[in-house]
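Visitor: After the structure tokens below, expect a handful of questions from me.
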Amino acid sequence: MSADVLSIATQNATLWTSDLFDAETRAEAGALLKKGGDALIEPFYKDLDFGTGGMRGIMGVV
């Protein structure tokens, strides 16, 4: 994992702990920030490049 990837993921995760999001989402993002490292890469490295593609299901930070 490069330092740049981790830096981007950390910045994005930190945004998710702001008042833009509900308390549950902020807590989940905060827990991932505490774990750090690889726990941040998959959910926060980049924005998705596509829509849901018709998929429906439970949404969350991870």
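Visitor: Using the basic label-point model (7 angstrom from Cα toward the beta carbon), what is the ALA31 to ASP47 distance in nanometres?
Guide: 2.7 nm
Visitor: In which sequence would PHE21, PHE44 go, from the one with the fewest C-beta neighbours within 10 Å to the one with the most? Provide the component values of the computation, followed by the final result.
Guide: Details: PHE21 15, PHE44 24.
So the ranking, lowest neighbour count to highest, is PHE21, PHE44.
Just so you know, all these numbers are worked out from the coordinates, no wet-lab data involved. Note that this is a predicted model, so its numbers are computed, not measured. Cβ coordinates were reconstructed from backbone atoms using ideal geometry, including for glycine residues, and neighbour counts include every protein chain displayed.
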